[in-house]
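Student: Have a look at this one.
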Amino acid sequence: MSHQESQKLDNVNPLETRVEDVIERGDNDFLDDNHDQDEHSESSQSHQAVDESDSSEDEVAPRNTIGDVPLEWYKDEKHIGYDIAGRKITKKERQDKLDSFLASADDSKNWRKIYDEYNDEEVELTKEEIKHIHRLLKGKAPHAEFDPYAPYVDWFKWDDAKHPLSNAPEPKRRFIPSKWESKKVVEYVRAIRKGLIKFDQPKEEPRFYRLWGDDSSSADRTKHLAYIPPPKPKLPGHEESYNPSLEYIPTQEEINSYQLMYEEDRPKFIPKKFTSFRSIPAYENAIKDSFERCLDLYLCPRVRKKRINIDPESLKPKLPSRKDLRPYPSTCYLEYRGHEGAVLSISVEPSGQWIASGSKDGTVRIWEVETGRCLRVWEIGEAVQLVAWNPLPELPVLAASVGADVLILNTGFGNEEEQKRIKELLHIGTPTTDDSDDMSSFLSWIQDEKYDCIRLRHYRTVSSIEWHRKGDYLSTVMPAGESRAILIHQLSKRLTQRLPFKLHGLPVSSVFHPTRSIFFVATKKNVRVYDLLKQKLIKKLETQLREVSSIAVHPAGDNLIVGSKEGKLCWFDMDLSSKPYKTLKCHPKDITKVAFHRSYPLFASCSDDCTAYIFHGMVYADLNQNPLIVPLEILRGHTSYDGRGVMDCKFHPRQPWLFTAGADSSIKLYCH
């Protein structure tokens, strides 16, 4: 093979897998031409001597000079390499696969052609090149005249040489034991006997192990970051038995003495005797307790955080853009003026058409939302602390708190049938007192002739009013540390009942659950969740705040926000923990009110610093995904009066609008 052909063969290095097909199809030609090899061997050698040349003029350089750059870099380019002048070498247009297939069917030599990627051309292999490739694939030499089994030539003369390298006899030390080795062995033996050299003992598994032992300190488990040791409850003793001995059961005198002790010194468990295991009160809730414990372990990875060395910049939360979270209130659109004193409370009608406000000037006003026109005014004569609109559209009545009295006012909206029903509902023949549970001393239902309404007279100032979603029940809160501090009134039957729970602290506010029979009571330190049907405490939320000022429940009912008088806002995920999921320090002064939107993922807080903060709060159905909280906007516009700022805030029930009531005797509407 000529030098030019060998150069061409070297250039075809990254060939396509068509070479295998070429070799297989060329086997027959190779066998046919094999018997002519001996006849033409001498002639081929003579021709080879003539063709071979060492001249550089016979060498053909590759057309494309891309160096050691991979071909993948030119995959999306229109050129492949550069010529000697530095100009780009454009690729040849590749033929369509269908056209190339038809052309190959007509070409008899198509099986010899392969595509050279580096030179961007098709190469037709000769018979001689196919033979060389075939020999290389079989592991043979490329040239047929090469003899791999040539006779061996021994360049050393062995005649009359028994010891070619050395004629010396074997040394004596090879047959005598080494004294140095024996000394080292003695030293090792002495060191082992003295204990200087210790061997690794095989690890033995203990035959017995403690069934109730604490394995949380095991080195094999604690070395992993994600290992969380299971809780180890205290083992029960004789006192915790359902049928203990008589000496463990305290007498009635001892039980009475426990009540005189401080709560931290009082025993946590008092032994009792039961006839059977099924009669234990905890037996009914055993499955539920096991489920809640499994749920805690399932949600535990949401709380545990691994310590990893990462860039501090990556720790900043990647919050979505505010443009993607629209709509939300950002601009003051309308202002309602007419009150002469600070507006203490506002409430929006369920359809969003009207808004009610109560002021320090002793008036209750109803406004039209879209025009700002005042439709009706009630002159109460005393500061109106709270107003709350009934959530039922077919029952347009308004509850207003004036000192220790709560007035149920008829707004006058609705058709004739609704008005007739409202007048019958708000009519009381004679002043009645609720004798149930001896409530006559601190509550009475009175017919108010001046305003043609019902007056609920309490024994203390009412600090919170909240309607039930059905519109027939109304809860009132009085700041007293007694069980009668929270009352629930039924409007249709004119009945009042107190909360059947013991309050631990002064109550601040109360809220009904949006969908279930659950009642939230906020004291100055904690929030307690009660089930009204089963009449028991469900959960106690620890706010870790100095003093709670207001609460609001998410429309789904699983999340809660709490505002405090130190300017902090806490978000509780009740499925996750009884402690705050997020604590936001947003206001420099007291937070007066917090509110959730009914349909949009928005919540707001207002403060005495004359601002209202708008947040995006998205709650997901997946328990493994935490709620998304993003601050959106700070609404300003109110002025401070007598040290007070924004007194109340409420969302529009249908639109992403926010109403704010300020101490500057104005009500503002913020729209998107």
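Quick note: the coordinates plus some simple rules give every number you see, no bench work behind them. Treat the numbers as computed from the prediction; the structure is a model and nothing was measured. In this analysis, Cβ positions are derived from the backbone assuming ideal geometry, glycine residues included, and neighbour counts consider all displayed protein chains.
Student: What is the sum of charges, Lys and Arg at +1 and Asp and Glu at -1, for the other residues whose Cβ falls under 11 Å from the Cβ of ALA595?
Tutor: +2
Student: Please compute the contact order of the range 451-603 in relative form: average sequence separation of alpha-carbon pairs under 8 Å and at least six residues apart, divided by the residue count, as a percent.
Tutor: Reported relative contact order: 13 percent.
Student: Highest mean first, what order results for 316-325, 444-453, 558-567 on Cβ atoms within 10 Å?
Tutor: Top of the packing list down: 558-567, 444-453, 316-325.
Student: Using a 7 Å offset from the Cα along the Cα-to-Cβ direction at both LEU246 and GLN625, what is the distance between the two label points in nm, to one decimal?
Tutor: Going by the 7 Å Cα→Cβ label model, 6.4 nm.
Student: Near the amide H of ALA552, under 5 Å away, which other amide H atoms are found, from residues 5 or more places off or on another chain, if H is placed in the peptide plane?
Tutor: Counting only residues 5 or more places away or on other chains, the set is ILE561.
Student: Which distance in nm do the two modelled labels at VAL377 and HIS504 give, with both placed 7 Å along the Cα-to-Cβ direction?
Tutor: Simple spin-label model gives 4.9 nm for this pair.
Student: May I ask you to derive the FRET efficiency for CYS671 and GLU292 from their Cβ-Cβ distance with R0 = 56 Å, giving the value to the nearest 0.05?
Tutor: Rounded to the nearest 0.05, the efficiency is 0.80.
Student: Now for a different question. Using a simple spin-label model with points 7 Å from Cα along the Cα→Cβ vector, what separation in nm is obtained for ASN256 and ASP96?
Tutor: That separation, rounded to one decimal, is 10.8 nm.
Student: Then there is this: Can you give the FRET efficiency to the nearest 0.05 for GLU264 and TYR209, using r as the Cβ-Cβ distance and R₀ = 35 Å?
Tutor: Efficiency at R0 = 35 Å is approximately 0.40.
Student: For LEU375, what charge total do you get from the other residues with a beta carbon under 10 Å from its beta carbon, if Lys and Arg give +1 and Asp and Glu give -1?
Tutor: Taking every Cβ under 10 Å from that of LEU375, the sum is +2.
Student: Here is a further query. Give, in whole angstrom and from largest to smallest, the semi-axes √(5λ) of the equivalent ellipsoid of the range 581-643, with λ running over the eigenvalues of the Cα gyration tensor.
Tutor: 27, 12, 9
Student: Sorting check: for 597-605, 72-80, 579-587, 516-524, which peptide has the highest mean count of neighbouring beta carbons within 10 Å, and how do the rest follow?
Tutor: The packing order, highest mean first, is 597-605, 516-524, 579-587, 72-80.
Student: Another question, then. Quick one: net charge of VAL384's neighbours, Cβ under 12 Å, K/R +1, D/E -1?
Tutor: -3
Student: How high is the relative contact order of the range 469-557, in percent, counting Cα pairs under 8 Å that sit 6 or more residues apart?
Tutor: 21 percent
Student: Here is a further query. Can you bin the range 249-386 into rounded, prolate or oblate? Criterion: square roots of the alpha carbon gyration tensor eigenvalues sorted a ≥ b ≥ c, rounded for a/c under 1.5, prolate for a/b above b/c, oblate for the rest.
Tutor: It is oblate, given that a/c is not under 1.5 and a/b is not larger than b/c.
Student: Once you keep just the Cα pairs under 8 angstrom separated by 6 or more residues, what percentage relative contact order results for the range 317-416?
Tutor: 19 percent
Student: Please report, in debye to the nearest 20, how large the charge dipole of the range 506-556 is about its Cα centre when each Lys and Arg carries +1 at its beta carbon and each Asp and Glu carries -1 there.
Tutor: Dipole size: approximately 160 debye.
Student: Then there is this: I'd like the FRET efficiency for ARG457 and GLU547, computed as 1/(1 + (r/R0)^6) with the beta carbon distance as r and R0 of 25 Å, rounded to 0.05.
Tutor: The formula returns an efficiency of 0.30 here.
Student: Rounded if a/c is under 1.5, else prolate if a/b beats b/c, else oblate: with a ≥ b ≥ c from the C-alpha gyration tensor eigenvalues square-rooted, which is the range 437-554?
Tutor: Prolate shape, in that a/c is at least 1.5 and a/b is the bigger ratio.
Student: Report the full-extension gain for the segment ALA168 to TYR188: residue separation times 0.36 nm, less the Cα-Cα distance, to one decimal in nm.
Tutor: 3.5 nm
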